[in-house]
Amino acid sequence: MLNDPETAMFRELIDPNFPNLIDLAKQCPLVMVNSNDLYDIPRPTLAKIVNIGGVGIQAQDVKPLSTEFQRIVDDAEGIVVFSFGSVAPSDRMPMSWKMAFIDAFKRFPKYHFFWRYVGADLKGQFL
């Protein structure tokens with residue numbers, strides 16, 4: 001019984017003896033998915049699934065950084081973008097947690113941290 005339309009398509013277009021895709025997936029030791037886990041919704045996954053988001057994307061209309069941001073990037077040994085996104089807004093964290101993150105960032109003075117933060121309660125904590 002064949003209830004898999006993708007397998008049916010492969011058998012029609014490529015080879016009538018093409019193996020069932022569901023059976024192939026069960027035997028596969030690694031699955032590469034064209035999805036970016038940073039932008040995708042959080043969900044359980046398996047260790048054999050590797051997100052390789054951006055495959056096939058070509059940069060278009062790339063604009064240079066502003067002078068201010070370019071200076072920040074040039075002056076750093078590395079850049080870290082830190083965000084919990086909309087799932088866990090940082091401004092709703094207890095102040096002790098926020099200060100713990102800031103203290104951790106300060107331990108790496110050669111790196112510049114960009115924290116997506118909505119709120120005004122941390123003014124004066126950053127450069």
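Residues whose amide H falls under 5 Å from that of Val33, counting only those 5 or more places apart or on a different chain, are Val50, Asn51, Ile52, with hydrogens built in the peptide plane. With a ≥ b ≥ c the root eigenvalues of the C-alpha gyration tensor of the stretch 34-88, is it rounded (a/c under 1.5), prolate (a/b larger than b/c) or oblate? Because a/c hits 1.5 or more and a/b exceeds b/c, the stretch 34-88 counts as prolate.
The dipole here belongs to the chain: it is taken about the Cα centre, uses +1 on the Cβ of Lys and Arg and -1 on the Cβ of Asp and Glu, and is about 600 debye.
By the rule of a C-alpha distance below 14 Å, with chain neighbours fewer than 8 residues away ignored, the aspartates and glutamates paired with Lys98 are Asp121.
Let me have the relative contact order for the chain, percent, based on Cα pairs under 8 Å that are six or more residues apart. Don't skip to the end; give the middle numbers.
Values: 88 pairs, mean separation 22.9, N = 127.
Taking the mean separation of contacting Cα pairs over the length of the chain, I get 18 percent.
Amide H to amide H, with H built 1.01 Å from N, Phe82 comes under 5 Å of Phe114, Trp115, Arg116, counting only residues 5 or more places away or on other chains.
For chymotrypsin sites (Phe, Trp or Tyr not before Pro), the sites in the stretch 29-113 that DSSP calls loop and that have at most 10 other Cβ atoms within 10 Å are Tyr39. The residue list Asn20, Phe10, Pro44 was ranked by how far each Cα lies along the charge dipole of the stretch 5-51 toward its positive end, using unit charges on Cβ atoms, and Pro44 comes out on top.
Within a straight-line Cα-Cα reach of under 15 Å, Lys110 can be paired with the following aspartates and glutamates, leaving aside sequence neighbours fewer than 8 residues apart in one chain: Asp74, Asp75, Glu77.
Note that the stretch 54-60 has calculated 3J(HN,Hα) couplings of x, 5, x, 7, 10, 5, 10 Hz, one per residue in order, obtained from phi through the Karplus relation 6.51 cos²θ - 1.76 cosθ + 1.60 (θ = phi - 60°); glycine and proline are x.
Principal axis extents of the C-alpha atoms in the stretch 67-115 (largest first, rounded to whole Å): 33, 23, 14. Straight-line cross-link reach from Lys48 at under 19 Å between alpha-carbon atoms covers these lysines, not counting any fewer than eight positions away in the same chain: Lys26. Rounded, prolate or oblate: which fits the stretch 5-51 when a ≥ b ≥ c are the square roots of the eigenvalues of the alpha-carbon gyration tensor, with rounded for a/c under 1.5 and prolate only if a/b beats b/c? Here the stretch 5-51 falls in the prolate category.
Coordinate-derived values only; no laboratory data. Please read all numbers here as calculations on a predicted model, not as lab measurements. Here the Cβ is made from the backbone with ideal geometry for all residues, glycine too, and neighbour counts use every protein chain on show.
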